[in-house]
1. Under the Karplus relation 6.51 cos²θ - 1.76 cosθ + 1.60, θ = phi - 60°, what is the ordered set of whole-Hz ³J(HN,Hα) values for region B:321-326, x standing for Gly and Pro?
2. Can you pull out the trypsin sites (Lys or Arg not before Pro) in region A:56-90 whose DSSP state is coil and whose Cβ has at most 13 other Cβ atoms within 10 Å?
3. Skip the ligands, DNA and RNA, and give the accessible area per residue of region A:85-152 with a 1.4 Å probe, whole Å².
4. Could you tell me the total accessible area buried at the B-A interface, probe 1.4 Å, in square angstrom to the nearest hundred?
5. Ordered by residue, what ³J(HN,Hα) values in Hz, to whole numbers, does region A:107-112 give under the Karplus form 6.51 cos²θ - 1.76 cosθ + 1.60, where θ = phi - 60° and Gly and Pro are x?
6. Cα convex hull of the protein assembly as shown: how many Å³ per residue?
7. Hey, got a sec? Which trypsin sites (Lys or Arg not before Pro) in region B:83-136 land in a DSSP loop and have at most 14 other Cβ atoms within 10 Å?
8. Scan region B:3-53 for trypsin sites (Lys or Arg not before Pro) in coil per DSSP, keeping those whose Cβ has at most 15 other Cβ atoms within 10 Å, and list them by number.
Amino acid sequence: MQISLTVNGKNYQVTPPPMKRLLDVLREDLAWTGTKEGCGEGECGACTAIMDGVLVLTCMVPICQAAGKHVTTIEGLAADGKLHRLQQAFLEKGGAQCGICTPGMIIAAAYYLEHPDEAEDIGEALAGNQCRCTGYTRIFESVKAASSLYSIV
Amino acid sequence: MAIPGKQVTVWGSMQCPYYVQKALAPLFGMEPEQIRVVQTETGGGFGGKEEYPNMIAGHAALLSWKAGGRAVKMIYDRREDMWATTKRHPSKTRIKAGFKRDGTLVVLDIDLLLDGGAYPTLSSVVLSRGTLHAAGPYKCDCTRVRGRVVMTNSVPYGAFRGFGAPQSIYAIEMHMNRSAQELGIDPAEIRRRNFLHKGDQMPTGQVIKEEIDLEMMMDRALELSSYQRKRSEFEEFNKRGETHRRGIGLSVFFHGSGFTGSGETRIGSEVAMRLTAQGGVEVLVANVEYGQGTNTVLAQIAAEACRIPPDLVEIHQPDTAAVPNSGPTVASRTTMITGKLVERASLELRKRLREPDDFTTAARQYLAEHGELKVTVRYEPSAEIHWDDETYRGEAYAAYAWSCDVAEVELDLIDCTARATNFVSVVECGRVINPLLAACQITSFPLRPMCRRFRSSLSSFRIRIPVPIRPKVSVRCPLMGRRPLSHRLWLKR
């Protein structure tokens with residue numbers, strides 16, 4: 001089955017089995033390894049990416065559903081050699097420790113910054129993303145810092 | 001990848017590459033040098049990747065051997081991971097204590113029992129740390145601690161953040177609370193009357209040589225949490241008999257840094273450093289970065305000791321073919337032990353370059369004239385530290401961290417949930433190398449056992465968080481017991 005999809009602005013033609021997970025296609029076939037696998041069963045949010053403007057768990061998306069779609073992963077956030085403001089905030093505020101949840105966390109937070117009306121607060125926006133290192137507090141601080149930066153700009 | 005008799009190479013997520021090498025050598029009947037172990041990005045560690053990667057590496061290497069040397073990759077899915085890898089030891093502790101009427105502790109008899117699961121793993125070492133932390137930060141001249149670990153038909157238990165100490169600390173702290181209740185003394189007061197001070201002896205005979213002011217730490221924690229006011233407020237609130245109950249409690253504890261007793265002497269860690277073509281240095285250690293900041297802290301230490309900017313410091317990937325054995329990345333030892341060795345190696349490099357004002361230029365000059373410069377330093381046991389494994393007497397740990405935590409909880413009697421509504425932690429952690437990373441560790445430490453998800457805001461040493469402990473959580477850790485916390489509380493009411 002030939003499938004074309006766009007990842008971080010680049011077009012790809014792949015021929016995986018139709019039920020192969022988008023996560024595996026990203027990591028194995030296309031070498032976008034920024035997206036991580038945590039639980040592999042849709043619970044932890046480590047594999048979060050944005051597909052056609054919607055937040056998805058890539059371990060729960062068979063590649064056949066991604067045909068013709070635009071996928072943005074953590075690698076697609078930084079532009080012109082400059083970190084995304086969320087990435088900068090995570091760096092400065094200690095929002096990242098071991099790094100496994102971080103890509104999904106930042107993608108979900110980026111989605112929240114773009115769509116602030118869809119969640120009541122940062123806690124709800126990141127409710128689908130689990131972290132075992134930080135205790136979340138510094139993640140929330142990082143997102144808060146990035147969002148205040150956003151409102152000034 | 002395994003080609004028997006020739007070479008075995010393992011890449012993996014692990015905390016201790018040299019442990020894996022040591023485990024694989026007898027498995028293949030080869031010399032340790034023929035086994036190459038490379039740490040790849042580890043993700044989180046928390047002790048779960050201390051010793052268990054030996055098993056996974058062994059299985060993968062054997063499969064590769066069977067497949068004639070072809071590369072084999074092993075990944076556990078979530079369920080396999082839960083079945084096979086190590087968890088924290090469940091524990092049961094019985095404590096008998098004798099107090100004078102004024103709350104002075106005179107006798108302490110502790111019996112600590114750990115569930116070791118079906119395999120030996122690191123149970124004996126976990127038990128050792130649990131035993132050494134069992135008496136808490138209290139002065140008692142007549143203490144007996146009995147520690148046992150028993151084999152059961154359960155999943156394997158092993159290293160996990162705190163390594164046996166949290167189980168013991170929970171027990172002694174609960175016992176202090178109950179004793180306070182029996183004696184009609186405030187829980188903070190009974191602790192204050194028994195704190196260890198400089199010059200006091202711990203149960204192993206270790207005399208505390210550092211200045212430690214637990215009274216001051218506890219006062220600060222009580223002040224930050226408005227402990228006294230809230231205690232009476234909550235008592236009033238609970239009397240009203242609404243659907244919620246509120247409580248506030250505290251704990252005081254110490255934690256030994258580095259390996260227990262003569263562990264560091266036995267490991268004899270080695271650290272190497274060499275000059276780079278850019279005029280900087282490369283640090284060669286087997287200690288692993290898994291989010292706790294190893295690479296940042298070691299780079300900071302090397303940069304400061306060599307007097308160069310931190311971006312001229314490179315840290316080599318932990319790879320047994322390239323780095324010396326600087327010991328495992330466990331037991332809060334990396335900054336303390338490896339960090340000190342990095343400092344010594346840096347100073348040695350400076351000495352070889354004849355204490356230059358401009359390290360970078362001198363390093364480039366040296367490389368052009370003489371070729372490579374690499375120094376290796378080895379851990380030297382301090383003459384002041386003696387430990388006897390037979391009698392369990394002596395200096396159990398070279399240094400201790402001290403802490404006082406105050407937690408507030410709110411119970412919802414209708415939906416069976418508990419929320420931590422405030423948390424204050426005052427920590428004496430010695431000399432901090434990187435304030436941000438240290439704060440990250442301290443804030444995450446109390447939150448981990450309390451929650452899976454919550455909403456929060458906090459400043460570094462003061463945490464205010466409503467934490468829903470979901471009734472479904474049934475983690476086998478001493479803070480919660482085998483049954484979910486909320487269920488237990490419900491039944492007790």
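1. In residue order, the calculated couplings are 7, 10, 10, x, 7, 8 Hz.
2. Those that pass, being in a loop and sparsely packed, number zero.
3. Accessible area per residue, region A:85-152: 40 Å².
4. 2100
5. 4, 5, 5, 5, 4, 5
6. Spread over its residues, the Cα hull of the protein assembly as shown gives 195 Å³ apiece.
7. Here the sparse-neighbourhood loop sites are B:Lys100, B:Arg101.
8. B:Lys6
The values are calculated or read from the model by the stated rules, or taken from the named source; none is laboratory data. In this text, all values refer to a predicted model and were calculated from it rather than measured experimentally. When we count neighbours, we look across all protein chains shown, and the Cβ atoms used for this are built from the backbone with ideal geometry, even at glycine. Keep in mind that these areas ignore ligands, DNA and RNA; they rest on the heavy atoms of the full protein, side chains included. Shrake-Rupley method; radii C 1.70, N 1.55, O 1.52, S 1.80 Å.
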